[in-house]
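Participant: Please read through the structure below; I'll follow up with questions.
The values are calculated or read from the model by the stated rules, or taken from the named source; none is laboratory data. The structure presented is a predicted model; accordingly, all values stated were derived computationally and were not measured. Every residue, glycine as well, gets a Cβ built from its backbone with ideal geometry; the counts of neighbours run over all protein chains shown. Ligands, DNA and RNA are stripped out before the accessible areas are found, and what is left, the full protein with its side chains, is counted by its heavy atoms. Shrake-Rupley method; radii C 1.70, N 1.55, O 1.52, S 1.80 Å.
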Amino acid sequence: VLGVFGLFWGFIFPVINVLLSKWAPVSEKGRLMSFVFSGTQFGSLVMLPTSGLLASSSGGWPSIFYMGGALALLWVFVWSLIGANSPSEHRTISEAEKKFIVNSLSNITSTKVNYTILIDSQINILLCFFVAFTNSLGKDI
């Protein structure tokens with residue numbers, strides 16, 4: 001079960017990046033990405049104390065998984081009603097907002113990143129490993 005979960009979880013962050021690249025105006029991209037990616041930590045922050053309450057309720061420990069699954073299904077339902085791949089496909093977005101987003105994204109020019117500078121520095125590589133390790137450790141505790 002965890003392997004299947006991990007298989008699907010592996011697609012989440014790249015898909016979110018692609019979706020946000022179509023929706024986030026340049027001036028708001030950093031704030032929006034921080035808000036969206038902090039959702040996993042926020043979910044843990046809410047569910048850890050809530051799971052103790054649910055486990056001690058009449059539903060017992062299985063109620064933790066039922067509640068988490070019910071909230072996930074509710075989110076899928078809401079997202080399927082209001083979500084869209086891009087501003088041009090969204091049903092309820094105003095024309096002014098759609099124009100603002102599309103114009104903001106059309107002015108982006110791509111720049112080539114020199115990755116050799118990052119790779120050449122041993123401290124950067126060690127910091128990346130440390131951050132990835134502590135991030136994974138924090139999620140597993």
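Participant: Inside the stretch 17-69, can you point out the residues that are exposed (fewer than 15 other Cβ atoms within 10 Å of the Cβ), of a type in the set (Gly, Ala, Ser) and not in a helix (DSSP H, G or I)?
Facilitator: Once the filter is applied, which keeps residues that are exposed (fewer than 15 other Cβ atoms within 10 Å of the Cβ), of a type in the set (Gly, Ala, Ser) and not in a helix (DSSP H, G or I), the stretch 17-69 yields Ser38, Ser56, Ser57, Ser58, Gly59, Gly60.
Participant: List pairs: first residue in the stretch 23-46 and of a type in the set (Gly, Ala, Ser), second residue surrounded by 13 or more Cβ atoms within 10 Å (Cβ to Cβ) anywhere in the structure, Cβ distance under 6 angstrom, at least six positions apart or on different chains.
Facilitator: Every condition considered, the pairs that remain are Ala24/Leu32.
Participant: Could we say that Asn85 is open to solvent by 100 Å² or more (accessible area, probe 1.4 Å) and in contact (Cβ under 8 Å) with a residue 40 or more places away in the chain here? If you could, list the steps in order and put the result at the bottom.
Facilitator: Values: open to solvent by 100 Å² or more (accessible area, probe 1.4 Å): no; in contact (Cβ under 8 Å) with a residue 40 or more places away in the chain: yes.
Taking the combined requirement at face value, the residue does not satisfy it.
Participant: Which of (1) assigned to a loop (DSSP other than H, G, I, E, B); (2) open to solvent by 100 Å² or more (accessible area, probe 1.4 Å); (3) of a type in the set (A, V, I, L, M, F, W, C) is the odd one out, the single condition Ile93 does not satisfy?
Facilitator: (2)
Participant: In the stretch 100-119, what residues are surrounded by 10 or more Cβ atoms within 10 Å (Cβ to Cβ) and among the aliphatic types (A, V, I, L, M)?
Facilitator: Ile101, Val102, Leu105, Ile108, Leu118, Ile119
Participant: Please determine whether any residue of the stretch 108-125 is closer than 30 Å to Gly43 by Cα, assigned to a helix (DSSP H, G or I) and free of Cβ contacts under 8 Å to residues at least 12 places away in the same chain.
Facilitator: Within the stretch 108-125, one or more residues are closer than 30 Å to Gly43 by Cα, assigned to a helix (DSSP H, G or I) and free of Cβ contacts under 8 Å to residues at least 12 places away in the same chain.
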